[in-house]
1. Only bridges with both residues in segment 85-364 count here: give the DSSP antiparallel percent, nearest 5.
2. Report the FRET efficiency, 1/(1 + (r/R0)^6), for residue 281 and residue 426, where r is their Cβ-Cβ distance and R0 is 56 Å, rounded to 0.05.
3. Classify segment 223-312 from the C-alpha gyration tensor, please: rounded if a/c falls under 1.5, else prolate or oblate depending on whether a/b exceeds b/c.
4. Per DSSP H run of at least 4 residues, take -39500 (n - 2.57); add these up for the chain, divide by its residues and hand me the 222 nm value, nearest 500 deg cm²/dmol.
5. Sort 177, 386, 241, 165 so that the residue with the fewest other Cβ atoms within 10 Å of its own Cβ comes first and the one with the most comes last.
6. Which shape class, rounded, prolate or oblate, goes with segment 85-364 when its Cα gyration tensor gives a ≥ b ≥ c as root eigenvalues, a/c under 1.5 marks rounded, and past that a/b bigger than b/c marks prolate?
7. Which shape class, rounded, prolate or oblate, goes with segment 285-410 when its Cα gyration tensor gives a ≥ b ≥ c as root eigenvalues, a/c under 1.5 marks rounded, and past that a/b bigger than b/c marks prolate?
8. Compute the helix-to-body angle for 207-219: its Cα long axis versus the longest principal axis of the chain, expressed 0 to 90° and rounded to tens.
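No lab work stands behind these numbers, since they all come straight from the coordinates. Predicted model, so just to flag it, every value in this text is computed and none were measured. Cβ sites come from the backbone with ideal geometry, for glycine too, and all protein chains shown count toward neighbours.
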């Protein structure tokens, strides 16, 4: 008799559970739900209204109409754009107090670099790549001082110059440009170093580039080049076609710094034909805005003639942060003014840079990926954007980071959309 009674109870429990909605069975299986946003994930060809569920710091589900009851916390992002965390592949974040003893950029462990967390999350950036601030002699200091103490994911291009960007004088010392030593340090830190930087050389030859490429050949990593400065100037066509490999990066693409640096456009703003050929053959063109490396007439003419950058980046450092560059969201907004679509800009700020630095676990919202996300308000109004000369182009749209998540944790909330109203708490 007792056995039959137990069986009837178990049957009733089973029937009751079958009648419950799915959301009740999976109650609060998600840690955080971003609901109602317009998701743009170029890697997965998503450009539509979707919800994103996050669990244990990973993307758990991307779908329409995920029930709020299935999440411990829900944030309404209706009317906003949700994207992978932005990747800025040209920054200088080896901040410190070292005095190089002479006038220079003081990028290496000095005041010329900036602390990454102060500038990243507020612009939707979750990953930065330091572009050559350290070299094989001092990368370990950079790692201990900056990488290990940042919430932002900090990766690095290591300089081919032994002490990194200690100053313009040091950048001329070819005896300290050692491909073998550089490759050795890169192999010691494979999770952090993504390539090699050649920069600020004023000799009339390609020695730093060639030595950086030699290190790249040893490690199978890309080279990023800040090129020009010699008199007479060197040929960028020769650089692209004879020295750089497919996958190598030319930064400061829209600079105009005659006579020492050749531009991608001629004096009539006509795009030089070999530039598109170089891009089609796999050379990568990066914005690298900086304090002096972005001109409206070059960018506007290039884009109108079909030459778009592969990657958008800031060249963030002390002299650029409060000038025309400002931050990554501002640089991205400039490309709205230049006519690129929101999806084009997100592609060049997420998935494209992830591929360029060979870190394809980043830059997308695939299930299981680390939950680095940005939520943008694309504001409409009248805005002005400045180039390196202080000249202004007006636009009617602007990216503004509302929310930034790093590994599933909210690290930036501009307007408190993830918070609880103060007067609802006893």
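1. 5 percent
2. Here the calculated transfer efficiency is 0.30.
3. Rounded is the answer for segment 223-312, as its axis ratio a/c remains below 1.5.
4. Helix-only estimate at 222 nm: -6000 deg cm²/dmol.
5. 241, 386, 177, 165
6. rounded
7. Prolate shape, in that a/c is at least 1.5 and a/b is the bigger ratio.
8. 40 degrees
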